[in-house]
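Student: Please read through the structure below; I'll follow up with questions.
The values are calculated or read from the model by the stated rules, or taken from the named source; none is laboratory data. As the structure is a prediction and not an experimental result, all values here were calculated from the model. Methodologically, a virtual Cβ is constructed for each residue, glycine included, from the backbone with ideal geometry; neighbour enumeration extends over all protein chains shown. Accessible surface areas use protein heavy atoms only, side chains included; no ligands, DNA or RNA. Shrake-Rupley method; radii C 1.70, N 1.55, O 1.52, S 1.80 Å.
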Amino acid sequence: MSLKAEVTLHTTSLRRYALVLTRDPTAADDLVQETLLKAIDKADTWQPGTNLRPWLFRIMHNTHISDLRRAKTRSDAAPDLPEPVVPDHQHTQLELKQVLQALDQLPEAQRKPIILIALREMSYVEAARSLDVPLGTFMSRLGRGREALRRIMSGVTAGKLAVLNRKGNI
Amino acid sequence: MAQDTNTEQDLGLDDDLIAYVDGTLSPERTAQVEARLARDPEARAATASWRHHDNLIREMAQIADDLPANMRIAALERELAAKLQARKRRAFLMGPALGRIAASILIFTSGWGAHALFNSSSPLRGAEYPQFVSATLTGHYALQYASMQQAEFQPEELDMALDWMSERMQRKIDSPKLERLGYEVESARLVSDDSGPLAIFHFRDGQGERVTVSIAPHAPDKADYALRVVRLDTDSMAYWTDSGLDYSIIGEVDVGQITTLAAAVRD
């Protein structure tokens with residue numbers, strides 16, 4: 001595969017990842033552009049022969065962190081988050097919104113491993129490298145994050161059931 | 001409540017369960033985990049939930065594939081690919097190529113380079129020194145030569161060499177066309193000193209006779225050199241300026257032959 005084709009392939013992945021991080025197509029493309037600009041600037045730091053994907057994702061992570069810092073804190077920025085872009089199916093849309101909201105409640109350190117692995121485009125080792133953390137730390141954050149997400153979603157489901165019970169619907 | 005929390009944390013720290021959800025376990029290990037899930041409803045619920053959330057997140061991410069093409073991103077991709085290609089080329093040159101440079105110094109010292117130093121118009125020519133002094137001088141000049149050399153290329157790397165040289169000289173450099181006269185390129189190298197970069201091409205014919213061609217940007221403050229052919233001790237040399245580049249060619253051939261070779265390079 002040519003280097004150009006490889007870059008295009010990874011940019012597609014970056015765009016997917018950025019969309020989940022930002023929830024907004026315009027913000028996602030801005031993040032991808034900023035990432036590519038930084039990658040161009042840092043091209044000499046890439047070690048030929050090593051996988052390009054974790055290198056690009058690491059740049060995107062650092063860029064995203066800088067963006068978040070510029071927005072001071074995530075909680076400050078949260079009210080400004082656009083309505084999530086979600087698939088059209090009604091039932092999926094609602095559930096996905098809930099999952100995305102639950103993800104927002106997780107610490108950044110757990111949220112990113114969950115999203116990276118959900119995309120199924122990187123191994124654990126590559127994903128850990130892209131976040132610049134040891135593999136053990138990455139696995140621990142992934143597992144804890146998934147469990148925390150499940151707990152939050154269980155609470156959401158239990159809450160919905162309670163509401164329906166109160167309304168006498170079930 | 002505290003017990004529930006502990007149980008949940010333990011599940012999240014179970015690498016087997018995580019790897020099972022991500023499909024990275026071996027078939028044997030997968031079978032073991034599935035057997036465990038059959039008798040552990042909590043682990044079964046956890047893995048099903050993790051997988052379901054992953055699927056939802058991935059579905060969200062794939063919406064990006066249907067977004068309109070972004071021309072700015074496409075342009076940046078091209079620019080990045082070009083930068084990385086240049087980075088790859090430089091790394092190639094500065095990595096294993098260093099070994100080849102070291103080897104070329106030996107070739108230079110013991111072979112034609114020493115021959116060139118002690119023959120023709122070398123400042124050493126005609127001097128009567130003991131053999132060990134000559135050898136020391138050869139080593140000294142070889143080291144100077146090595147410090148000027150930036151890269152060496154093998155014949156199969158000639159295209160890359162020409163790209164690299166063109167980039168360094170900021171103008172298009174073509175390979176001297178001596179093949180039609182029976183010469184094949186042996187190696188190419190780029191050296192650099194205070195006056196700037198110099199591309200050197202070494203050729204050899206079927207009889208093993210070597211010819212060297214050099215190309216360098218012409219100094220803008222100097223007049224162009226008209227073609228001049230010089231007979232040296234055992235070698236002949238020609239040099240000239242053409243289209244902003246200085247050329248020279250040298251080989252152990254007579255004046256007629258060096259003129260023919262120069263014409264082929266100029267062609």
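Student: May I ask you to list the residues in the range B:47-80 that are over 27 Å from A:Ile40 (Cβ atoms), touching a Leu at 6+ places or on another chain (Cβ under 7 Å) and aliphatic (A, V, I, L, M)?
Tutor: B:Leu56, B:Met60
Student: Which residue pairs have Cβ atoms under 7 Å apart, sit 6 or more places apart or on different chains, and have a first residue in the range A:133-152 that is free of Cβ contacts under 8 Å to residues at least 12 places away in the same chain and more than 9 Å from chain B (Cβ to nearest Cβ) and a second that is hydrophobic (A, V, I, L, M, F, W, C) and surrounded by fewer than 17 Cβ atoms within 10 Å (Cβ to Cβ)?
Tutor: These pairs meet every condition: A:Leu135/A:Val125.
Student: Which of (1) within 11 Å of chain A (Cβ to nearest Cβ); (2) modelled with pLDDT of 90 or more is the odd one out, the single condition B:Glu34 does not satisfy?
Tutor: Here B:Glu34 meets the rest and fails (1).
Student: Test each condition in (1) open to solvent by 50 Å² or more (accessible area, probe 1.4 Å); (2) without any contact (Cβ under 8 Å) to a residue 40 or more places away in the chain; (3) of a type in the set (Asp, Glu) for B:Asp205 and report the one that comes out false.
Tutor: Going through the list (1) open to solvent by 50 Å² or more (accessible area, probe 1.4 Å); (2) without any contact (Cβ under 8 Å) to a residue 40 or more places away in the chain; (3) of a type in the set (Asp, Glu), B:Asp205 breaks only (1).
Student: So is B:Leu25 at the interface with chain A (Cβ under 10 Å from one of its Cβ atoms), closer than 21 Å to A:Glu121 by Cβ, buried (at least 18 other Cβ atoms within 10 Å of the Cβ) and not hydroxyl-bearing (Ser, Thr, Tyr) or not?
Tutor: Considered against the rule, which asks whether it is at the interface with chain A (Cβ under 10 Å from one of its Cβ atoms), closer than 21 Å to A:Glu121 by Cβ, buried (at least 18 other Cβ atoms within 10 Å of the Cβ) and not hydroxyl-bearing (Ser, Thr, Tyr), B:Leu25 comes out as no.
Okay, residues lined up against (1) at the interface with chain B (Cβ under 7 Å from one of its Cβ atoms); (2) more than 25 Å from B:Asn55 (Cα to Cα); (3) in contact with a Pro (Cβ under 9 Å, 6 or more places away or on another chain); (4) not small (Gly, Ala, Ser):
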{"position": "A:Lys4", "(1), (2), (3), (4)": "yes, yes, no, yes"}
{"position": "A:Thr8", "(1), (2), (3), (4)": "yes, no, no, yes"}
{"position": "A:Arg23", "(1), (2), (3), (4)": "no, no, yes, yes"}
{"position": "A:Thr26", "(1), (2), (3), (4)": "no, no, yes, yes"}
{"position": "A:Asp29", "(1), (2), (3), (4)": "yes, no, no, yes"}
{"position": "A:Ile40", "(1), (2), (3), (4)": "yes, yes, no, yes"}
{"position": "A:Asp44", "(1), (2), (3), (4)": "yes, yes, no, yes"}
{"position": "A:Pro48", "(1), (2), (3), (4)": "yes, yes, no, yes"}
{"position": "A:Asn51", "(1), (2), (3), (4)": "no, yes, no, yes"}
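Student: Are any residues in the range B:222-247 of a type in the set (D, E, K, R) and within 18 Å of B:Arg171 (Cα to Cα), and if so, which ones?
Tutor: B:Asp224, B:Asp242, B:Asp246
Student: Write out, first by first residue and then by second, each pair whose Cβ atoms fall under 6 Å of each other, whose residues are 6+ apart or on separate chains, and whose first residue, in the range B:1-24, is modelled with pLDDT under 50 while the second is in a helix (DSSP H, G or I).
Tutor: Within 6 Å, the pairs are B:Glu8/A:Glu147.
Student: What are the residues in the range A:42-87 that are outside any helix (DSSP H, G or I) and modelled with pLDDT of 75 or more, if any?
Tutor: Matches in the range A:42-87: A:Lys42, A:Trp46, A:Gln47, A:Pro48, A:Gly49, A:Thr50, A:Asn51.
Student: Ok, one more. Which of the following residues is open to solvent by 80 Å² or more (accessible area, probe 1.4 Å), out of contact with any strand residue (DSSP E or B) (no Cβ under 7 Å at 6 or more places or on another chain), modelled with pLDDT of 85 or more and of a type outside the set (A, V, I, L, M, F, W, C): B:Asp159, B:Asp224, B:Asp174, B:Asp194?
Tutor: Values: B:Asp159 fails: modelled with pLDDT of 85 or more; B:Asp224 fails: out of contact with any strand residue (DSSP E or B) (no Cβ under 7 Å at 6 or more places or on another chain); B:Asp194 fails: modelled with pLDDT of 85 or more.
Exactly one residue qualifies, and that residue is B:Asp174.
Student: Just one of B:Glu79, B:Glu59 is under 28 Å from the mean Cα position of the chain (by Cα) and facing another protein chain (nearest Cβ under 7 Å); which is it?
Tutor: Working: B:Glu59 fails: under 28 Å from the mean Cα position of the chain (by Cα).
Matching residue, one of B:Glu79, B:Glu59: B:Glu79.
Student: Tally time: how many residues in the range B:243-266 are open to solvent by 60 Å² or more (accessible area, probe 1.4 Å), out of contact with any Ser or Thr (no Cβ under 6 Å at 6 or more places or on another chain) and under 17 Å from B:Ile200 (Cα atoms)?
Tutor: So the count comes out to 1.
Student: Which count do you get for residues in the range B:175-213 that are closer than 17 Å to B:Leu261 by Cβ, under 17 Å from the mean Cα position of the chain (by Cα) and of a type in the set (D, E, K, R)?
Tutor: 1
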